[in-house]
1. At 0.36 nm per residue, minus the direct Cα-Cα distance, what do A:L176 and A:R15 gain on full extension? Give it in nm, one decimal, please.
2. Please report the spacing between the Cα centers of region B:175-214 and region A:66-97 in Å, no decimals.
3. Using the Kirkwood radius over Cα pairs, work out the Stokes-Einstein diffusion coefficient for region A:63-242 at 25 °C and 0.890 mPa s, in µm²/s as a whole number.
4. Past the 29 Å Cα-Cα mark, which pairs from B:K70/B:K135; A:K68/A:K225; A:K109/A:K182; B:K120/B:K210; A:K11/B:K86?
5. Just to check I understand the Karplus step: with θ = phi - 60° and J = 6.51 cos²θ - 1.76 cosθ + 1.60, what whole-Hz values come out for region B:105-122, glycine and proline as x?
6. Each residue of region A:65-73 in turn: what ³J(HN,Hα) in whole Hz from Karplus with 6.51, -1.76, 1.60 and θ = phi - 60°, glycine and Pro shown as x?
7. Please give the average number of partner chain Cβ atoms lying within 10 Å of the Cβ of each residue in B:115-128, rounded to a whole number.
8. At 222 nm, what value in deg cm²/dmol follows for the protein assembly as shown if DSSP H runs of at least 4 each add -39500 (n - 2.57) and the sum is divided by all its residues, to the nearest 500?
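None of the figures in this text is laboratory data; all of them are computed from the coordinates on show. All of these numbers come straight from a predicted model, not from anything done at the bench. Neighbour counts run over all protein chains shown; Cβ positions are idealised from the backbone, glycine included.
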Amino acid sequence: MSQKRPDLLNKLLLRNARKGRLLSAWIALCTGCTLLLLSVMIWSAFRDLLNGKGSQDSLGSTFLTVSKQVSDASMADKNSTQISGADLEQIRKAPQVQDVGLLTPANFKVAASLGSGQMSFYTLLFLEAAPDRFMDQMPQTWKWEEGDQTIPIILSRDFLNMYNYIFAPSQGLPLLSEQSVKALGFTLTMGEGPGQMNYRAQVEGFSDRISSVLVPQSFIDYGNKRFAASGAAKVSRVIVKVGDPSNKEFVTFLEQHQYTTNSEQLRFSKMRSVVEVVSGATGALALLLIGIGALVFILFIELTMARAQAAVRLLLQIGYGPKTLSSYLVRKYIPIMLSALLVALLIAAILQFVAAQKLAAIQLQIAAVPGLFVWAAAGLSALVLGWQIRTAIRKALRS
Amino acid sequence: MHLQIEQLIPIPLQENVLARESGIWNKALSLSAPDYISIQAPSGTGKTTLIHCLYGVRTDYSGNILWQGKNLRQCSAEELATLRAKDLSVIFQDLRLFPELTAWENLMVKQQLTPGIDEKEIEDWMKRLGIGHKKNAPGKTLSYGEQQRLAIIRALIQPFQFLLMDEPFSHLDQRNTQIARELILEIVQRNKAGLLLADLDQNDFFPYHKTYTL
């Protein structure tokens, strides 16, 4: 005899599960999960952008260049903007400051030239070096040793923009793309008189973080010894890594000590605060919604079980153990919950991918796939929801 | 399997029970499988209450009921489920079938839990009791007599050491009663089990070893 074994527990316990209501409960749960994962995703993407792990962290960088204000009174004194060891120590101890690095200038004459004859181009130039840990651009060629004839350069993106949008159109000069600038090699002439030396220079990248013409620290150190009249470099600017640049105490510190900084970055830092409030509020809303979603789903389970109460009682009377019934029901409901979570993950992944594409167009880079935090949130949600479902089923079986 | 009853008094029937002489209520009894026990219980003496107490469905009693030395009152829900699935079977007076399942499904619910008897044999039992043609009929459409025969078969599907019966033939005619009791006896003997039958009147359905008046 070939009797197909029907799922009788399903018929007894879940027959009363209205499909429409199950769908509503599933949608509620899925919506809650999606919002939760999206808020984690938004938070995580902003975190990546703000903490500047990406190469182009132009959105609210936490790196600031700090220098002393030039006032009418200090104009006469050339050394008034110099940052001393004591100043440095003071900045290091300022609120929110996590790290401080010196921006070491070339203390010698530098001239850049390109081409020869009628098409030649010549300008005096300045050079600066920042410690590697403060660089947002670190090309592989970013090194210089004594004897090397080529010096890698990182140019502030602002300079190129100024050239392309202001200088070139007004002077009838050709526009230059980043690639074309990188392709151009030019000559740097260091020092004056008999000790003068020529080097080949190559632009290797563009920085959003530091407004300067940057060369490797090793070259500046060498040049200041080799070409400068007085060996010691006079440092006037430092680069500071701060937790929250919009922090009132930090801003007050800058004002009190008459330090000036790139205010644009402070504006971004205000945006960062806004973003944090917004993502925090989204997170709170998402938690509320996943709570409601879970509640709707659990209520659906409880309602279905209340409808099947007579069958549950009789099953227990004919020898079915509460554990057998609860594990059967858990096996039925957990995949439904997991499917809602999976769909939520899929939606989050698609949105992350789309967001990554759109942001790439405006020079902001976020990961194209959901990161660890999103997976962790999904895993945690699965555990919490699974536990809630199991508890609700066990409670319903006991009542 | 050993059943011990110690000074059992159902609380709702307390006054009624203590007002008259009973062979079971408020007594100490020791029964063992494969004893066949008959309990004569005129109306209102608590026959169904006794079966429900022994099966662990009711706990509103004073005194103790011990199966294999284990106090029923102290059994967890899981222990009770194991006792009911493997050692103790019952035919309720009110039959307690699943109205939403067919006759066959009502039996399969039990068979899937304790698959001791194969489906072929169960089908034979249905034919033997004259309900083979009702296999796919929904439980709620069966007559009382058909439901009773179905409840009898369901009780015999699981392994058991004691079979409790509460007026198991009340809706059956003499012929069907005869067939049903033959089947019950056959399976009880096969299981080397004991049985306890509670009925309103004196009866000779089974070769009883002991008879009590409730």
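1. 50.8 nm
2. 106
3. 139
4. On the way: B:K70/B:K135 38 Å; A:K68/A:K225 25 Å; A:K109/A:K182 23 Å; B:K120/B:K210 35 Å; A:K11/B:K86 24 Å.
Where the Cα-Cα span goes over 29 Å, the pairs concerned are B:K70/B:K135; B:K120/B:K210.
5. Karplus values, whole Hz, x for Gly and Pro: 5, 4, 7, 5, 4, 6, 5, 5, 6, 10, x, x, 9, 7, 5, 4, 5, 4.
6. So the J values, rounded to whole Hz, are 9, 10, 9, 7, 5, 9, 10, 4, 5.
7. On the way: counts 0, 0, 0, 1, 4, 2, 0, 1, 2, 0, 0, 0, 0, 0.
Mean number of neighbouring Cβ atoms from other chains: 1.
8. -15000 deg cm²/dmol
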